[in-house]
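Before any comments, here is the structure.
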Amino acid sequence: MKKPPWAAAAAMVAKIKNKIGGLGIAAISYIAVDYLRHVAPLWHDQLQPCLWGLLALAVVTRVPFYKHWSSEFRSAIPFIASMLFLLSTLLFEALSVRSVTAVLGLDWHRDTPPLPDTGQWLLLALNEKLPPWIVGILRARIIGLHHYLMLFMMLAFSVAFNSVKAPGLGLGARYMFTMAIGRFLRAITFASTILPSLRPWCASSRFSVPSHPHPWAQKYYIPYASDASAIRQLIQRDIAYADQAWEYPGDYRPDWGSMSFLIDFLRPTASEGSSWYHLLKKAGGGCNDLIYSGHMLVAVLTAMAWTEAYGGWSSKLIWVLVVHSAQREIRERHHYSVDCVAAIYVGILLWKMTGFIWSSKDIDVASISSRRLVKLEKIQGQLIQAAKDSDMDKVRELLNEVEVESSSSDFGKGKRNRRGFSQWAMPVFAGITTIFSLTVVLLAFTWTSDG
């Protein structure tokens, strides 16, 4: 179907904006200023607060002129639901991280060698072949987890500047919903098969779990871990037949009331206190390999959101940074190569599957065009009179009403919406949304600043 002239004009304006790349310049400025913490800490301490203050001020000053609060209001419930879904999956992931670390005990983590990884071999070989300055760039900590989160938040806030299609809460809902699905799939994946860490010392330095394996592992894993004949008999019998070769001490079992079922999964020690929630907070990123990479999932989803919503040269640069992050994860032995590769294609596929929540494309151009025509017919008399009176301000005001109302998916329900809300309801919603969003930005920056 051929697009109407106004749609082509709007697309051309958007393309010009993206070519100029104001949002891209702001994003790269943020990354560059934050990188100063490694090369010029004094400059970083002075410039970063100024940059954040400038960005926050720019958003706040645009709030009174934002025209899509009705669309944001309709997206509020999906946004909150997606946020709660994400928080629940993060809780499940934290439980799984602690469980897969604790079940085999610290001795297993310390004594089990890492798996062979051809990606690591390739990077070590490139260190010998490439010029030192290129290797230095590859090793540089240019971008981390909190940068990708901040880049997405900048993208979502840019709806206030008409750089990205409204509603911003819809874009945020899609991002969090996709992230939640990815995190849930990740947790059930790494909990299914426990892989040894690339850093054998990590578990001992970060976790206070018992050194010996859990009784489940004592019965179903330890007797068959290295004895080929025992493994052969296990396959033939299909039952755990072997007796334990030695006795292990019992596990500490605090009184957690209704949450006591978590003791077998978390394996607390007396030195860690009596709170199960405290143990989950300490789970962090875990120590044994967690396939696939959670850091890379965040990076890929940010790049996908940026590419669809904004595009331009900045989205290509973000994909370059994603590749840089992947090789750093492998180089610094935070993840195996398979973790990063899997995170990339999983993130891409999941983002493609969740377009029903928010999309940068106009799904029904004809419907929007018809709504414009209906609105134009309603104000035709006023428009003609304003033109006769040479009242250009009135003409602009009427045309702006056409643009705003016809872009709303609830056209035809405007009167009902106006009756349902008082005049102060939408400004209050706008204020709450702005304060809440800026608070989320601050908390995300604080909680993820250490990577």
Long-range HN-HN contacts of G144 with modeled amide H, under 5 Å: none
Highest-first arrangement of 169-178, 49-58, 195-204, 333-342, where packing means the average Cβ count within 10 Å: 169-178, 333-342, 195-204, 49-58
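Can you list, largest first and rounded to whole Å, the semi-axes you get for the stretch 202-280 by taking the square root of 5 times each eigenvalue of its Cα gyration tensor?
Working: eigenvalues 186, 39, 23 Å².
Semi-axes (√(5λ), whole Å): 31, 14, 11.
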Spatial extent of the stretch 103-212: Rg and Dmax, with the Cα atoms as the point set, Å: 20.4, 58
Derived scalar couplings ³J(HN,Hα) [the stretch 117-122; Karplus, 6.51 cos²θ - 1.76 cosθ + 1.60; whole Hz; x for Gly, Pro]: 9, 5, x, 5, 4, 4
Protection proxy ranking, peptides 155-162, 183-190, 228-235, 126-133, average beta carbon neighbours within 10 Å, highest first: 155-162, 183-190, 228-235, 126-133
Accessible area per residue in Å² at 1.4 Å probe, computed on the stretch 201-358: 51
Amide H contacts under 5 Å for L195, placed H, 5+ residues apart: D289
The stretch 211-274: chymotrypsin sites (Phe, Trp or Tyr not before Pro) in DSSP coil with no more than 14 other Cβ atoms inside 10 Å: Y241, W246, Y252
At R0 = 25 Å, FRET efficiency that the Cβ-Cβ distance of L57 and K394 yields, to 0.05: 0.20
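Which value, to two decimals, describes the C-alpha radius of gyration of the stretch 18-159 once divided by 2.2 N^0.38 Å? The partial results should precede the final answer.
Working: Rg = 21.8 Å, N = 142, 2.2 N^0.38 = 14.5 Å.
Normalised Cα radius of gyration, the stretch 18-159: 1.51.
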Among the listed pairs K129/K316; K361/K394; K67/K361, those beyond 25 Å (Cα-Cα): K129/K316; K361/K394
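Roughly to the nearest percent, how much of the accessible area of the stretch 169-257 is carbon and sulfur, given a 1.4 Å probe?
On the way: 2770 of 5000 Å².
Here it works out to 55 percent.
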Solvent-accessible area per residue for the stretch 23-102 (1.4 angstrom probe, square angstrom): 52
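The values are calculated or read from the model by the stated rules, or taken from the named source; none is laboratory data. The model shown is predicted, which means the values in this text are computed figures rather than measured ones. A quick note on method: Cβ atoms are made from the backbone with ideal geometry, for glycine too, and the neighbour counts reach across all protein chains shown. To get the accessible areas, we keep the full protein, side chains included, count just its heavy atoms, and leave off ligands, DNA and RNA. Shrake-Rupley method; radii C 1.70, N 1.55, O 1.52, S 1.80 Å.
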